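Single-structure report; data block below.
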Amino acid sequence: MSPISLLGSSVVIAAEPIKEKGSLETLIERITEKYNERIETRTEFYNERVEKATTRSDRMLEIINTVNPDLVDGFTVLQQEHSFIHEEIFNLNISLRAASYDQFIIELTEYYNQLLAKVSKKEITPLEMRESIRTFLEEKRSEMIASIEAYKEAIADAKADNELVIKQIKANGLALREALDSHDLIAANDALTNIMSLVAEHIAYDSYKLNMLQNFPF
């Protein structure tokens, strides 16, 4: 799920109720409902990934115990570090979006009340107020998209390198299975050693991504 889906979609949905008469509370309620749905979906997706990763890790430990038990400690450390960084990335994503959402609601409330005061003074019409709110929501969404695109651009080179690392991990995983099928423990050990080295590179990418994420206010 892309970052924009957590708050950006809420901003888009927010444009819907202003077509009809409604209070600020109604508008915020609709935005909050969509925002919470996105957070829940992302959390469920993360938990599913954690469960699958744990299953893969357990299987790898069984293989390592068979091929070369001396690698168990090193592999365990890698998996713990990998899991920790993914958790940090997830938590930071949620935290950034919560802060962005809170600030968005504050700004929306202030702007809404300013427009409402102008309507009361007959400086603008209710229709002009609704159009102004729509423009406000569209501008906020554009700002978020720009920030996300800047983040993607900032990590683009590192992401491309990481994709090559992932391909190598998969290739060595295939080599490992073939070595195990042929009972070639030497080849299996070589594949395992390569995988662990490549996983360390992938963890470095995740760590870089985590650090970069802190610089972009989604």
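Is the stretch 38-113 rounded, prolate or oblate when judged by the Cα gyration tensor, a ≥ b ≥ c being the square roots of its eigenvalues, rounded requiring a/c under 1.5 and prolate requiring a/b larger than b/c?
The shape class here is prolate.
Could you work out how far helix 24-67 tilts from the main Cα principal axis of the chain, as a 0 to 90 degree angle to the nearest 10?
Around 0 degrees separate the two axes.
Suppose every K and R has +1 on its Cβ and every D and E has -1 on its Cβ; what is the size of the dipole of the chain about the Cα centre, in Debye to the nearest 20?
My answer is approximately 920 debye.
Using the Cα centre of the stretch 27-66 as the reference point, and only Cβ charges (+1 on K/R, -1 on D/E), how large is the resulting charge dipole? Debye, rounded to the nearest 20.
200
Return one whole number: the accessible area per residue of the chain in Å², for a 1.4 Å probe.
60
Given a 10 angstrom Cα cut-off, can you work out which residue in SER132, SER182, SER83 is the most mobile in a GNM of the chain?
SER182
Tell me, what is the FRET efficiency for ALA171 and ALA200 to the nearest 0.05, using R0 = 22 angstrom and their Cβ-Cβ distance as r?
0.85
For the chain, what % of the accessible area comes from carbon and sulfur atoms, probe 1.4 Å?
52
Testing the spin-label approximation: label points 7 Å from Cα along Cα→Cβ at ARG49 and GLU88. State their distance in nm.
Going by the 7 Å Cα→Cβ label model, 1.6 nm.
If R0 is 22 Å, what FRET efficiency do you get for GLN114 and GLU139 from their C-beta distance, rounded to 0.05?
In this case the efficiency is close to 0.90.
Once Kirkwood radius over Cα pairs in Å is worked out from the coordinates, which option in [x] 20.6; [y] 17.1; [z] 19.3 does it equal?
Correct label, based on the coordinates given: [x].
In this model, which of LYS140/LYS167; LYS52/LYS209; LYS52/LYS140; LYS118/LYS152; LYS118/LYS140 are farther than 32 Å apart at the alpha-carbon?
LYS140/LYS167; LYS52/LYS140; LYS118/LYS152
The values are calculated or read from the model by the stated rules, or taken from the named source; none is laboratory data. The structure displayed is predicted, hence computed values, not measured ones. Cβ coordinates were reconstructed from backbone atoms using ideal geometry, including for glycine residues, and neighbour counts include every protein chain displayed. We work out accessible area using only protein heavy atoms, side chains counted, and drop any ligands, DNA or RNA first. Shrake-Rupley method; radii C 1.70, N 1.55, O 1.52, S 1.80 Å.
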